[in-house]
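What follows is one structure encoded as structure tokens, with my remarks underneath.
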Amino acid sequence: MKTLGIVLACAALGFLIGYGIFGELAGRYVSISTILTGPDGIIEKGIHGIAGIDTMRTRILMCTVGGALLGLVVTLWKGKKR
């Protein structure tokens, strides 16, 4: 259970770092709800593609997964040292 907590905390930290780096569009940060939810229709999907929100979402997701993996590796590495 402790491992899961550390992995989730590192994933959240990775999300915040990714949002801080990649979440800005035209000088303003995109709302987190826009990043977490996908486009509703074909028109909105086209707008997201043109605006670069899909690329932004992918980069933030990669940071989140990277943080989770880092948390898992650190937890497993510390467990083996004991």
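Of all residues in the range 48-73, count the ones that are under 13 Å from Ala11 (Cα atoms) and among the β-branched types (Val, Ile, Thr).
Start the filter on the range 48-73 by keeping residues that are under 13 Å from Ala11 (Cα atoms), which leaves 60-73.
Restricting the remaining residues to those that are among the β-branched types (Val, Ile, Thr) gives 60, 64-65, 73.
Residues that pass the stated criteria total 4.
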May I ask you to list the residues in the range 1-48 that are over 26 Å from Val73 (Cα atoms), hydrophobic (A, V, I, L, M, F, W, C) and assigned to a loop (DSSP other than H, G, I, E, B)?
Ala26, Val30
Enumeration of residues in the range 1-28 that are surrounded by 12 or more Cβ atoms within 10 Å (Cβ to Cβ) and without any contact (Cβ under 8 Å) to a residue 12 or more places away in the chain:
Leu16, Gly20, Glu24
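Examine the range 37-53 for a residue that is small (Gly, Ala, Ser), within 16 Å of the chain's Cα centre (by Cα) and surrounded by 13 or more Cβ atoms within 10 Å (Cβ to Cβ), and state whether such a residue exists. Can you show your working first?
Restricting attention to the range 37-53, the residues satisfying the condition of being small (Gly, Ala, Ser) are 38, 41, 46, 49, 51-52.
Within this subset, residues satisfying the condition of being within 16 Å of the chain's Cα centre (by Cα) are 38, 52.
In the following step, the residues that additionally are surrounded by 13 or more Cβ atoms within 10 Å (Cβ to Cβ) were identified as 52.
Yes, because at least one residue in the range 37-53 is small (Gly, Ala, Ser), within 16 Å of the chain's Cα centre (by Cα) and surrounded by 13 or more Cβ atoms within 10 Å (Cβ to Cβ).
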For Ser31, work out the one condition from (1) without any contact (Cβ under 8 Å) to a residue 24 or more places away in the chain; (2) among the hydroxyl-bearing types (Ser, Thr, Tyr); (3) surrounded by 12 or more Cβ atoms within 10 Å (Cβ to Cβ) it doesn't fulfil.
(3)
Test Lys45 against the criterion of being modelled with pLDDT under 95 and under 30 Å from Leu4 (Cα atoms), and give yes or no.
no
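The values are calculated or read from the model by the stated rules, or taken from the named source; none is laboratory data. All figures in this text were calculated on a predicted structure; none of them were measured in a lab. Please note: Cβ atoms are built from the backbone with ideal geometry, for glycine as well, and neighbour counts cover all protein chains shown.
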